[in-house]
Every structure is written in C-alpha cells, then in structure tokens.
Amino acid sequence: MASRHLSRMIALQSLYEWDFWEQKKDIDEIITRNINNYGSDLTDKEFLKKLVKGAVNYVKDIDAIIVKSAPERPLHQINIIDRNILRIGLFEVLFEKSPDVPVKVAINEAVELAKNYGGDKAYSFVNGVLGTVLRTVESIKDETKETEPETLTKIIQDQDNIVNKSSEVN
C-alpha cells in the first residue's frame with residue numbers, strides 16, 4: 001500500500017477518534033498511538049501529522065465551508081466518517097498546497113476513502129462537495145487573483161450559496 005494512502009487512512013482514524021470524543025482528546029496522543037498501531041513502517045509520518053494537525057487547526061473554517069457546500073446536510077447530520085474525510089480533503093485542497101500532491105489526486109484519495117470507509121453513497125457526496133469547493137476556489141482566483149488560503153476560505157464563507165455559484169462556472 002502506498003505510504004501516502006496509508007497516511008490518509010491513519011489520519012482518518014485519528015480524526016474519527018478525536019471527533020468521537022467531541023474534540024476533547026489530545027490529538028498528538030491519538031496520532032502517536034495510531035502510528036504505533038497501524039503505521040510503524042510508514043515512511044512519511046510527517047505527511048500524516050500535517051494532515052491531521054492541519055485539519056484540526058482549520059476545523060472551524062473547513063466546517064463552515066462544508067456547511068456552505070452542502071446546505072441540504074447540516075454538519076451534525078453528516079456521518080462522522082464522511083465529515084472527517086471531507087476535512088482531510090478540504091485541508092489538502094485549500095490549505096496544504098503541496099507540489100507533490102495535485103488537487104485532483106487529493107480529491108481522488110478522499111473519494112477512495114469514502115468508498116472504503118464512508119456511508120452509503122458517501123463517495124458521491126464527498127466528490128460533489130470537494131468538486132464544488134474546487135470550482136468555487138478557481139472562480140474566485142480568476143475573479144480576484146487571490147491565492148492565500150485563508151482569504152479564499154473567508155470569501156467562500158461570505159458567499160450566500162456556493163453550490164449554485166459553482167455550477168454557473170461550468
């Protein structure tokens with residue numbers, strides 16, 4: 001199994017546990033335990049840590065974008081696995097900016113996690129949300145020339161309905 005794919009699986013496990021305990025458990029302890037239990041042979045542990053800590057650090061922004069991107073599904077009604085797959089995917093799409101991981105690869109990886117671990121038709125939901133956000137970000141970049149992730153997320157959060165706006169881009 002590819003190292004980054006395994007990293008995303010362990011990241012999902014770690015975020016699931018953190019979210020299950022209402023975001024009150026120490027995320028560093030969770031990551032360390034999950035690496036020891038599931039990823040002792042992992043070659044790129046820093047990638048895993050960056051995914052989890054990034055999703056945790058930006059959880060408020062990411063969750064606000066999920067709410068804007070899927071207005072028909074309140075955040076608390078999204079399956080805990082699906083919600084954390086979206087957090088990983090949105091962190092990679094919006095904040096990670098790694099030249100090693102193209103945005104389309106990050107989305108594909110999130111969809112694969114959803115196929116393997118998510119709820120019924122989660123892969124379609126995850127793909128739809130991430131695709132909507134990506135189209136919205138590209139549209140904002142075209143209009144404003146803005147590239148800073150924090151500014152882009154603020155612009156997205158300030159829009160009324162990115163679902164309809166992103167479909168106009170096509």
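List of remarks:
- Angle between the chain longest axis and helix 3-20 axis [Cα atoms, degrees, rounded to 10]: 90
- Pairs from the list LYS50/LYS141; LYS25/LYS97; LYS45/LYS104; LYS25/LYS50; LYS97/LYS145; LYS60/LYS141 with a Cα-Cα gap above 20 Å: LYS50/LYS141; LYS25/LYS97; LYS45/LYS104; LYS60/LYS141.
- Kirkwood-type radius of the stretch 31-125, with distances r between different C-alpha atoms, in Å: 14.0
- Exposed loop sites, defined as GluC sites (Glu not before Pro) outside DSSP H, G, I, E and B with at most 16 other Cβ atoms within 10 Å, are absent from the longest region of the chain, namely 73-145.
- Of the labelled figures [x] 16.1; [y] 16.5; [z] 17.0, only one reflects Kirkwood radius over Cα pairs in Å as derived from the coordinates, namely [x].
- Nearest-ten-degree value, helix 122-144 long axis tilted from longest Cα axis of the chain: 50
- Summary value for the chain: 22 percent relative contact order, contacts being C-alpha pairs under 8 angstrom separated by 6+ residues.
- For the chain, the solvent-accessible area works out to 52 Å² per residue, with a probe of 1.4 Å and every protein chain left in place.
- Neighbourhood net charge (12 Å Cβ-Cβ; Lys/Arg +1, Asp/Glu -1) for PRO149: -3
The values are calculated or read from the model by the stated rules, or taken from the named source; none is laboratory data. This is a predicted model, so every value here is computed, not measured. Ideal geometry is used to build each Cβ from the backbone, glycine not excepted, and the neighbour counts take in all protein chains shown. Only protein heavy atoms, including side chains, enter the accessible area calculation; ligands, DNA and RNA are left aside. Shrake-Rupley method; radii C 1.70, N 1.55, O 1.52, S 1.80 Å.
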